[in-house]
Amino acid sequence: MENKDYIHIEAVWNEYYDQLLRFISKRVPDKATAEDLLQNVFLKMLTNIESLKDSTKIKSWLFQITRNAIVDYYRKAQRPGNIAESLPEEKDEMSDDVMEEVESWVAPFINRLPEKYREALILSEIKGMSQKEMALYLGISYSAAKTRVHRGRLLLKQKLTECCIFYTDKYGNIMNYESNPNYCKSCNN
């Protein structure tokens, strides 16, 4: 293995070590077991890194290895019940962080919208005003208020998807994303 590859693997491991340990610790009886399982995950990562076809999905891949290690632990311990069903999907740990990050971009992206759509989204989405209340507040028809909110949402979605490629689960929850290098360096800009 070249030194460059070793540094890459070490960087990946350092980035996800704490998250994986927390994920395991919530699902096994003690810290020593969690640390043992985490070492097994590290070994599987080292021996199977070539099988990862898309490096942008490394986080999901690592959490799947971790989940499998926990299932294997309970199978070996011959614990009763369906272990796989009792373990939450790996999204529990990782999608919360991704969602919080993406949510922090929403206000700056709303501020980039044309004024009438920006105002409609701020009133309806951020301040929680109903569309009927917004129509009265702005002195426009209910139909116009609905249209502004709808078009504002579409523009916001367009701006966000121009900036990033989002990976979602079957329920539409954002699991991961990657920046679109043709659009921006970072969504936080």
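The values are calculated or read from the model by the stated rules, or taken from the named source; none is laboratory data. Given the structure is predicted, the values throughout are model-derived calculations rather than measurements. Heads up, the Cβs are rebuilt from the backbone with ideal geometry, glycines too, and the neighbour counts pull from every protein chain shown.
Computed quantities for the displayed model
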item	result
Of all residues making up region 18-69, the number that are more than 24 Å from Ile165 (Cα to Cα) and hydroxyl-bearing (Ser, Thr, Tyr)	4
Extreme residue, modelled with the highest pLDDT, among residues of region 119-152 that are closer than 28 Å to Asn176 by Cα and surrounded by fewer than 16 Cβ atoms within 10 Å (Cβ to Cβ)	His150
In region 39-54, the residues that are modelled with pLDDT under 85 and either surrounded by 11 or more Cβ atoms within 10 Å (Cβ to Cβ) or in contact with a strand residue (DSSP E or B) (Cβ under 9 Å, 6 or more places away or on another chain) (or both)	Leu46, Asn48, Ile49, Leu52
